[in-house]
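Undergrad: Below is one structure. I have some questions about it.
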């Protein structure tokens with residue numbers, strides 16, 4: 001948003017210079033000042049693009065406008081009879097709405113937007129000779145009409161920027177609320193929301209798969225190497241999990257501690273065997289400093305005529321517990337038949 005504003009601001013100066021020169025509303029000196037200011041603001045825009053310090057350049061531009069450009073406009077462009085007060089309002093809307101400020105900076109800026117125009121109004125009242133008047137009423141009509149419509153365009157640009165920023169922040173906040181703060185995977189509530197939506201849209205010929213993974217001996221890892229390393233293990237496994245599940249158009253979530261869940265739509269037993277093997281291969285090829293990550297898994301296929309998310313989780317957990325009882329570091333299936341456990345990894 002700041003780059004957009006800094007891009008249009010110098011063109012506003014150039015337009016004002018040409019307009020004032022063509023209509024004779026202001027003298028040649030002020031036209032030259034406007035052109036010079038346009039070049040300065042253009043330089044700020046180029047510097048902001050190169051250094052990415054858009055916020056700092058935008059703040060500098062606002063100070064330049066508040067204390068230099070608009071006071072000059074007041075004295076050269078007919079004071080209170082001209083459009084300068086309108087430009088003060090536009091600048092205040094941008095500076096106070098778009099630039100991130102500390103509390104004392106915001107208070108100082110608000111005070112400046114009150115004091116500077118007030119001083120100019122009082123000065124114009126006490127020293128009317130310092131402020132030139134329009135040569136004819138038609139000049140004032142033309143100047144105010146053009147300035148008003150120009151201000152409307154700037155206001156629309158500002159409002160568009162505000163709405164885009166609001167939408168982006170709202171989307172980011174909504175996404176953050178769905179994500180586990182450590183791993184970035186879906187959190188417990190969001191993952192269950194995916195399954196609830198699946199239950200609503202489920203058809204009898206679905207063949208989705210639910211997997212539950214649990215890191216082996218994770219408490220010992222935490223106790224031996226510290227919680228910081230434990231967090232590193234969780235993040236690394238989550239990254240590998242995300243990379244693997246993306247190949248199968250699935251969804252991954254961290255549903256508690258060292259427990260992770262995967263939802264794979266339209267999956268077959270062979271797909272899940274391949275996914276599990278690929279995940280284990282990635283863990284072996286990308287070990288951490290204390291060795292590769294080992295985990296146990298349980299998989300449950302949605303193949304029953306009647307369906308319940310809670311029952312699906314229970315079957316997946318049953319397969320996981322069987323894998324742990326069988327020696328860990330393996331994954332087992334429960335394909336819908338009670339206790340029909342089939343090993344997919346016998347290492």
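A short reminder: the numbers here are calculations on the coordinates, not readings from a lab. As the structure is a computational prediction, the values presented were derived from the model and not from experiment. With ideal geometry, Cβ positions are generated from the backbone for all residues, glycine too; neighbour counts draw on all protein chains shown.
Undergrad: For a quick protection proxy, order the peptides 259-266, 2-9 by their average other-Cβ count within 10 Å, most packed first.
TA: Descending mean neighbour count gives 259-266, 2-9.
Undergrad: Which entry is the computed P(r) over Cα pairs in 20 Å bins from 0, in percent for this structure: (1) 29, 53, 18, 0; (2) 27, 53, 13, 4, 2, 0; (3) 24, 30, 21, 21, 4?
TA: So the calculated entry is the one marked (3).
Undergrad: Per the helix-only calculation at 222 nm, which mean residue ellipticity applies to the chain, given -39500 (n - 2.57) for every DSSP H run of n ≥ 4 and division by its residues, nearest 500 deg cm²/dmol? If you can, show how the numbers build up before the last one.
TA: On the way: 12 runs with 221 residues, N = 347.
Dividing the helical sum by the residues of the chain leaves -21500 deg cm²/dmol.
Undergrad: Let me see the P(r) profile for segment 138-259: every Cα-Cα distance counted, bins of 5 Å, each bin given as a percent of all pairs.
TA: 2, 9, 12, 14, 12, 10, 8, 6, 6, 4, 4, 4, 4, 3, 2, 1, 0, 0
Undergrad: Here's another thing I want to ask about it. Taking neighbour counts of Cβ atoms within 10 Å as a proxy for exposure, in what order, fewest first, do 11, 104 appear?
TA: So the residues, fewest neighbours to most, are 104, 11.
Undergrad: Taking a quarter of the surface of the convex hull around the Cα atoms of segment 65-155, what do you get in nm²? All intermediate terms of the calculation are to be shown ahead of the outcome.
TA: Values: hull surface 24.2 nm².
Here the figure is 6.1 nm², rounded to one decimal.
Undergrad: While we're on this one: Could you give the spread of the C-alpha atoms of segment 188-343 along their three principal axes, from largest to smallest, in whole angstroms?
TA: On the principal axes, segment 188-343 reaches 47, 30, 24 Å in Cα extent.
Undergrad: How big, in percent, is the set of alpha carbon pairs in segment 1-153 lying more than 22 Å apart?
TA: 42
Undergrad: For segment 1-82, what does the convex hull of the Cα positions come to per residue, in cubic angstrom?
TA: Spelled out: Cα convex hull of segment 1-82, divided by residues, is 79 Å³.
Undergrad: What's the center-to-center distance, using Cα atoms, between segment 64-116 and segment 188-254 in Å?
TA: 53
Undergrad: Sticking with this structure for a sec: Calculate how steeply helix 309-325 sits against the longest principal axis of the alpha-carbon atoms of the chain, using the helix alpha-carbon long axis, and give the answer as 0 to 90 degrees to the nearest 10.
TA: That helix lies at roughly 60 degrees to the long axis.
Undergrad: With everything on Cα atoms, drop me the angle between helix 269-285 and the longest principal axis of the chain, reported from 0 to 90° to the nearest 10.
TA: Compared with the principal axis, the helix lies near 70 degrees.
Undergrad: Now for a different question. Taking the chain as the reference, fit the longest principal axis to its C-alpha atoms, fit the long axis of helix 103-126 to the helix C-alpha atoms, and give the angle between the two in degrees, 0 to 90, nearest 10.
TA: 20
Undergrad: A further question follows. Going by Cα centres, segment 16-34 and segment 124-142 are how many Å apart?
TA: Cα centres, segment 16-34 to segment 124-142: 15 Å.
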